[in-house]
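Reading through the structure tokens given below for one structure.
The values are calculated or read from the model by the stated rules, or taken from the named source; none is laboratory data. Treat the numbers as computed from the prediction; the structure is a model and nothing was measured. Cβ atoms come from the backbone with ideal geometry, glycine included; neighbour counts cover every protein chain shown. Note: accessible area is taken over every heavy atom of the protein model, side chains too, but ligands, DNA and RNA are not part of it. Shrake-Rupley method; radii C 1.70, N 1.55, O 1.52, S 1.80 Å.
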Amino acid sequence: MIQLIGNYSWRFADGEEISLDATQAGVAKARKKLGQLVHEPALSDLSSEDRRFLAAMSLDDGESKITEIAKRLGVSDQQAYNYRSRLNEADLVTTGRGTADFVLPFLREHLREHVVTDLLRIEPESSQ
């Protein structure tokens, strides 16, 4: 990711110095490329229910409580724990006592930007 940011920042630079604007453009471009090269392939092998679980997790700014994810998805707590287990085995989430969090950097943001509203058909709580 650091190499991508540096590469794109230099491309957006004007001359021999990288401005703040060039750096911000480089970060945005690098995050998009990370999504294409890392996030999309990781998500493509998942079931639709596992992708929905991750999308529901992405609505939280930190660790997600499994009971809250179950409510968002309209499934039992046990079903939510089963999804968490599969995603943990796929190295996409970490698990804590009753919680889950993302392993891949920027996956939460990628999901928020590209799939959350399509998969969940719900709005984040902050915008309601």
Of all residues in region 98-128 being in a loop (DSSP other than H, G, I, E, B) and among the aliphatic types (A, V, I, L, M), which is modelled with the highest pLDDT? 103
Report every pair of residues separated by at least 6 positions or lying on different chains whose Cβ atoms are under 8 Å apart, first residue within region 58-83 and in contact (Cβ under 8 Å) with a residue 12 or more places away in the chain and assigned to a helix (DSSP H, G or I), second of a type in the set (S, T, N, Q) and open to solvent by less than 30 Å² (accessible area, probe 1.4 Å). 66/99
Which numbered condition residue 95 fails, given (1) of a type in the set (Ser, Thr, Tyr); (2) surrounded by fewer than 20 Cβ atoms within 10 Å (Cβ to Cβ); (3) in a helix (DSSP H, G or I): (3)
